[in-house]
Amino acid sequence: MAAHIDQESVNTSPAAEDARSELLPNGAGAAAILAAGVGSLAIGVFAFAADVSPYLKNAFNFWSPSGPLSGVSFTAVLVWLLVWFWLSRRWAAREVNFARASAAAFAMLIAGLLLTFPPFMDLLQGK
Amino acid sequence: MQITFRDMITMLHGMGFGALFMLAFSGAVGVIYATAVVGPRWPSSRWDNKMFRFYLISMAALAWLTVLSGTYLVYPWYRAVPPAGTTDLSAYPQRLLLASPLTAEWHNFGMEWKEHIGWFAPIAMTMVAYVFIKYGPQLAFHRTMRNTVLGFIAAAFLATAVAGAFGALLNKYAPIRGGDAIVLLRGK
């Protein structure tokens, strides 16, 4: 399948023609970026969940000296890696709708960042 | 001139791994952005390409070292619980901050934010390094991908700046000290 080229960045030099002829599909990049978005959201969701629920706070306490942060960070990294692995297997050799993957990744990144911001956490909990 | 073991590890976490990681951001933006300006002729040689790959992998490694040393070495000292009846809280930074309403928000706001937001950086930078290794000069043709990567670099920078700034301020108001004293220089 021919790889998609963003028209605004088309370069017509001979070197560009050579590079374009061997262009990789965007699936692997989209998988990595979308997975990074999922990982970012996971940090926010797990941090918020541990803040809201005493049960989850205790459940995320994987290593007592670091408390719930150990479980929140470990689980988020695990989710990120699993999603990346799964998406890579599906998309590595394909062209995908990159704009949609990018928008989703940014939305999850922003949501994740907001969910780690203490005043926003408090706002969601009605504090 | 001496330093305690915990001081030394805290410095390594913040001023070693963390500060070095922050200093490297401008280079990462330059590496990715250059693919847009120069196009597929850049990097100009295989050696340059290898060096830029090494640069981004090193950044990702520094990000991981920063969060792992912070979470598993420094943070346990920060949140240590004093034995009942302890009146001198200087060895228990979290409890020292929470003991006064004038300093409690350094923990409730500063540390609560710092401990989570820092974790965005290694995830983002690992992705950035992977995408550059995978696509390299071809990022010149994948404009949306390149812009998304630059966006994640900016987010990683923001996350690191917040974590670093609060780390420095927290350590100013409730320093992490203790452990063996290491004599660096002895006066005459």
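The values are calculated or read from the model by the stated rules, or taken from the named source; none is laboratory data. Since the model is a prediction, treat every value here as computed from it, not as a measurement. As a convention, Cβ positions derive from the backbone with ideal geometry for all residues, glycine included, and neighbour counts pool all protein chains shown.
Structural remarks
- Set side by side, the residues A:VAL72, A:VAL45 differ, and just one is more than 10 Å from every other protein chain (Cβ to nearest Cβ) and either more than 26 Å from B:VAL74 (Cα to Cα) or crowded, with 18+ Cβ neighbours inside 10 Å (or both), which is A:VAL45.
- Residue match in region A:49-65 (condition: in contact (Cβ under 8 Å) with a residue 12 or more places away in the chain, under 20 Å from B:TRP119 (Cβ atoms) and within 10 Å of another protein chain (Cβ to nearest Cβ)): yes
- When residues of region A:83-127 are limited to those that are among the small types (Gly, Ala, Ser), within 11 Å of another protein chain (Cβ to nearest Cβ) and free of Cβ contacts under 8 Å to residues at least 40 places away in the same chain, the one surrounded by the fewest Cβ atoms within 10 Å (Cβ to Cβ): A:ALA99
- Residue in region B:175-185 that is without any contact (Cβ under 8 Å) to a residue 60 or more places away in the chain, charged (D, E, K, R), more than 8 Å from chain A (Cβ to nearest Cβ) and over 30 Å from A:GLY27 (Cβ atoms) present: no
- Qualifying residue in region B:54-74 (condition: in contact with a strand residue (DSSP E or B) (Cβ under 8 Å, 6 or more places away or on another chain) and at pLDDT 95 or above): yes
- Within region B:136-153, considering residues that are within 10 Å of chain A (Cβ to nearest Cβ) and under 18 Å from B:SER58 (Cα atoms), the one farthest from the chain's Cα centre (by Cα): B:GLY136
- Here the condition is being modelled with pLDDT under 95 and either touching a His at 6+ places or on another chain (Cβ under 8 Å) or within 9 Å of chain B (Cβ to nearest Cβ) (or both); of A:ALA19, A:ALA28, it holds for A:ALA19 alone.
- Some residue of region B:56-69 being part of a loop (DSSP other than H, G, I, E, B), within 10 Å of chain A (Cβ to nearest Cβ) and surrounded by 14 or more Cβ atoms within 10 Å (Cβ to Cβ): no
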